[in-house]
Amino acid sequence: VPPEEGVAIIGVGAVLPKANNAPQFWQNVLAKTNCIIEVPTDRWDASVHYDSDPTKEDKTYAKIGGFITDFKFDALKFRIPPNTAKALDPVQQMALTAAAEALADAGYDTKTFDRARCAVIPGNSLGGERKAETNKRIHLSEVTYATRPADRPARESGITDPGRPEERTQRPHRHAEP
């Protein structure tokens, strides 16, 4: 945007932990509401990913954070067919909801305006190309945990934690039994 044109922030919308809109967020701020909770089990399994030792490889030593747990997307409000809405990423759903709230907050839900001179700029975290790489590491840990041999062959081979990279390389080759 050329400096002579400027940018004006005229509306606010939000979907945040314990606040599905901006007024709820400000109420939480004024009430000093703690919006940090233990990680919900539908996000990731703390028994797989958590370890109190911050040096433990492929583990996190935190299991709390700000999680959005009660957001409901109103697809019909956006004229999105239900089957199409199911294919939308939750972050896309939240961005649409927050953008609509910001436009309504500015009064643009009821008045005409030059749409060529208006933009909605959403902000979120953990998006884009790096998210795919993060997800691969998370899913690898889950698969490793779920498939680790906790049976007799693992114990006999001396493996104490099959999820650890240095022990995976020590795993003996197993041949199919006849």
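The values are calculated or read from the model by the stated rules, or taken from the named source; none is laboratory data. In this text the structure is predicted, and so the values were computed from the model without any measurement. Counting neighbours? That spans all protein chains shown, and the Cβs are built from the backbone with ideal geometry, glycine included. Accessible surface areas use protein heavy atoms only, side chains included; no ligands, DNA or RNA. Shrake-Rupley method; radii C 1.70, N 1.55, O 1.52, S 1.80 Å.
Extending 7 Å from the Cα toward the beta-carbon at both THR112 and ASP74 defines two label points whose distance is 2.6 nm.
Given a 1.4 Å probe and heavy atoms of the protein chains only, how would you sort LYS59, LYS18, largest accessible area at the top? Walk me through the numbers before you get to the answer.
Details: LYS59 75, LYS18 95 Å².
Largest accessible area first, the residues go LYS18, LYS59.
Once all protein chains are placed together, THR147 keeps about 100 Å² accessible to a 1.4 angstrom probe.
A simple count of charges around SER52, restricted to other residues whose Cβ falls under 12 Å of its Cβ and scoring Lys, Arg +1 and Asp, Glu -1, yields +1.
Can you tell me how much longer the chain between LYS86 and ALA8 gets when fully stretched, taken as 0.36 nm per residue apart minus their C-alpha distance, in nm with one decimal?
Details: separation 78, 0.36 × 78 = 28.08 nm, distance 3.38 nm.
Gain on stretching LYS86 to ALA8: 24.7 nm.
Among the listed pairs LYS63/LYS86; LYS32/LYS56; LYS72/LYS111; LYS56/LYS86, those whose Cα-Cα separation exceeds 32 Å are LYS32/LYS56; LYS56/LYS86.
Ranked from the most accessible area to the least, with a 1.4 Å probe and all protein chains present, what is the order of LYS111, LYS56, LYS32?
Values: LYS111 100, LYS56 55, LYS32 175 Å².
From most accessible down to least: LYS32, LYS111, LYS56.
A simple packing score, the average count of other Cβ atoms within 10 Å per residue, orders the peptides 76-88, 39-51 as 39-51, 76-88, with the highest score first.
Nearest 0.05, what FRET efficiency do LYS56 and CYS35 give at R0 = 35 Å with Cβ-Cβ as r? In this case the efficiency is close to 0.80.
Net charge around ALA8, counting only other residues with Cβ within less than 15 Å of its Cβ (Lys, Arg = +1; Asp, Glu = -1)?
On the way: positive: ARG117; negative: GLU4, GLU5, ASP105, ASP114.
Computed value for this residue: -3.
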